[in-house]
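Any read-out appearing in this document is the output of simple, stated calculations on the displayed coordinates, not a laboratory observation. Source: prediction; values computed, not measured. Cβ placement follows ideal geometry from the backbone for every residue including glycine, while neighbour counts extend to all protein chains displayed.
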Amino acid sequence: MPVAIYRFARDLRLEDHAGLSAASAHGDIAPALIVDRELEERLRCSPRRAAFFCGAVAALDAALRERGSALIVRRGEAPAELVRLAGELEAPAVVWSASYDRAGIAADADLQAAVEERGARAIAVHDAPAIPPEESTAARSSAGDGYRAFAPYYDVWRDLEPGSYEAPLLLSFIPAGLRSEALPAPADFGSSDHVPDGGAPRAREKLETFLRGTALQYSFAINVPADDLTSHLSADLTFGTIAARTVVRETRNRMDDPFLLSEERASLRLFIRALAMRDFFLQLSWYNPETSDTALQEKMRDFPFLQSHPHLEAWCQGRTGFPIVDAGMRQLRATGWMHPRVRAIAASFLCFDLGVDWRAGMAEWDRYLIEDDPALSVGNWQWIAGVGADLAAYPRIYNPYKQARRFDPGGSYTRKWISELAHGPARGLSETQQGSAQIELPLGGAERYPRPVIDHDRAARDFLARYQEFVTPAGGRRSSR
C-alpha cells in the first residue's frame, strides 16, 4: 500500500479534516509535524500560544496512538525535511493545509516546488475556512477574484454548504515506529507556561457547551464584556483543533430546533455571521496577500499614521486613563485573550486617538494573543483602522466614554481588570468613564489610576481633519482604488 505524507500545522485534529481526506486518496497516511523556523518564531512571540500549541500537538499524538500510529516529528526547514521523509517512505504525495497570509503562501509555494522537483505530488488543501475561497468566488456574478466588501460576500456565503469530512475512523495511518524526534514542549519556545488541557476533544466540548447555552444569548454576549459568554473558540480555530466547517454545521443544526425563541435564533444567526466574517478575511488575504503589511485601500497606503507616540507605551500597558481601553489591554496581558467588543474599542483608540499605525498595534497584540492567524489579524486591524475592507465613508472612531457607558455601564468589566478601580465607590468609576477630570483617590496604599493621557474629543477632531485633508487634497479627490 502506498503512503502519503500529511503535514500538520494549523489543523491539529483528525475529525472533519479536508487535508487528511485528500491524503487518504493516495494511500496510508504518514502524519508529520515539522518544527521549522517560521513556526518557532510564531510560537516564541507568545508564551501562552506556545503552551496551547504544545497541548494541541500532544492531544493529536494521543489520538493517533489510539489508532496504532504516532506523530512523526522532525525539526528543520519544511521543504528539506518533507522531501527527506518522502524519500524514506517512497511517498507519491505530500499533502498539507493551505496558508492565507503572504509569508505562508510563499512558504507553500517553496514546499510545492521542492516536492514536485523530487517527483511527488504536492497538494495544498483548503481546510481553515468553512467555505474555500474558490467556492465563494465561483458563485459571484461579477468578474474578478474574491470579494473586497463583506455584504455581497455574505449574501453568497450563507447559501453555500460547507463540505463534510466526518469519517476519521475510515482513515488509515501507518503504524508507529518510524524515526521521530520528541514532541514540542513550551520550553522549546522560551515559554514556562503550563500546557492546558486542550486539543480536539476540549474544542469539541467547548462548542457543544456553547451551543447548548450561551450561544442563544450571543447577540447580548458579544456586547457585554463583563459576562464573558462568547465561544472562546478563536485559538481552537486558528490551530485547527476544530474545523470551522464543524462549527458552522453544528450551529445551523442548532437553529433547526423548533422550540427556539426568535431572539435565540437571531443570536445563532449573528454567530454564524461572525464565522462568515472569518472566512471573508481569509479569502481577502488569499486573493490580496500584499495586504499583510500594506493597506487594502490604495488611497490609504500613504496615510501618515505615526510610528511612535509619547503615550504608546501607556496604551500597551493599559494605563491610558480610559478604563474600557485599559481593562481590555490588561485582560489581554493576563489571559492571552480580549473580548471582541473591547478589541474594537482599544484598536480604535490606538489608530485614531493616538494616530498610531495599525501595524504597531497588531505587533503588540501578537506578543500576547493565544490565537495565531496573521491573515485574520491583518483583516481585522485594517477594518478598524479604516484602511481595509470597511467601506464606511469616514473612519469609525469609537468614543471610549460612550462605549463604556453603553457596554459596561456598571463598571463590572473595568473593575475586574483594573485593580486601582476595583474597590472605589461606584461614583468615582462612573465619573472616570464619563471623562471627568476628577479621578477617585487611591484607598490605603493602592496605586492611583492615571488621568486620561489625551483629550478624546480633540484627538478625534484632529484625526478627522488630517484624514479629510489627505483624501481630498488641493486640486481634487484621491482615487479610492
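For this structure, a couple of remarks:
- Angle in degrees between helix 47-65 and the longest Cα principal axis of the chain, rounded to the nearest 10: 30
- The dipole here belongs to the stretch 3-127: it is taken about the Cα centre, uses +1 on the Cβ of Lys and Arg and -1 on the Cβ of Asp and Glu, and is about 380 debye.
- Helix 262-287 axis, angle to the chain major axis (alpha carbon atoms, nearest 10°): 70
- Were the residues from Arg273 through Arg75 laid out at 0.36 nm apart, the gain over their Cα-Cα distance would be 67.4 nm.
- Normalised per residue, the volume of the convex hull around the Cα set of the chain (Å³): 162
- Span per principal axis, largest first, for the Cα atoms of the stretch 3-127 (Å): 39, 35, 25
- Under-5 Å amide H pairs with Asp127, H placed in peptide plane, nonlocal only: Ala98
- Rounded if a/c under 1.5, otherwise prolate or oblate - the stretch 178-272, Cα gyration tensor axes: prolate
- Computing FRET efficiency as 1/(1 + (r/R0)^6) for Asp257 and Ala167, where r is the C-beta to C-beta distance and R0 is 35 Å, gives about 0.85.
- Cross-link partners of Lys299 among aspartates and glutamates (Cα-Cα below 19 Å; sequence separation of 8 or more within a chain): Glu290, Asp357, Asp390, Glu469
- Once Rg and the Kirkwood radius are both taken over the C-alpha atoms of the stretch 298-471, their ratio Rg/Rh works out to 0.97.
- Cα→Cβ-extended label distance, 7 Å offset, between Ala149 and Arg265, nm: 2.9
- Residue-by-residue Karplus 3J(HN,Hα) for the stretch 171-181, coefficients 6.51, -1.76, 1.60, Hz, glycine and proline x: 6, 10, 10, 5, x, 5, x, 5, 3, 8, 7
- Karplus-derived HN-Hα couplings along the stretch 213-222 (A = 6.51, B = -1.76, C = 1.60, θ = phi - 60°), whole Hz, x at Gly and Pro: x, 6, 4, 6, 10, 4, 4, 8, 4, 5
- Cα centroid separation - the stretch 176-238 against the stretch 353-367, whole Å: 25
- Derived scalar couplings between HN and Hα for the stretch 340-352 equal x, 4, 6, 4, 4, 5, 5, 5, 4, 4, 4, 6, 10 Hz in order, rounded to whole Hz, by the Karplus curve 6.51 cos²θ - 1.76 cosθ + 1.60 (θ = phi - 60°), x for Gly and Pro.
- Subtracting the Cα-Cα distance of Arg451 and Asp293 from their residue separation scaled by 0.36 nm leaves 53.5 nm.
- Rounded to 0.05, the FRET efficiency of the Glu117 and Leu464 pair, given R0 = 45 Å and the Cβ-Cβ distance, is 0.25.
- For Lys402, a cut-off of 25 angstrom between C-alpha atoms picks up these lysines, skipping any fewer than 8 places away in its own chain: Lys416.
- For Ala93, the residues whose amide H sits under 5 Å from its own are Ile5, Arg121, ignoring neighbours fewer than 5 places away on the same chain, with H placed 1.01 Å from N.
- The H on the amide N of Val73, modeled in the peptide plane, is under 5 Å from the matching H of Leu33, Glu181, each at least 5 residues off or on a different chain.
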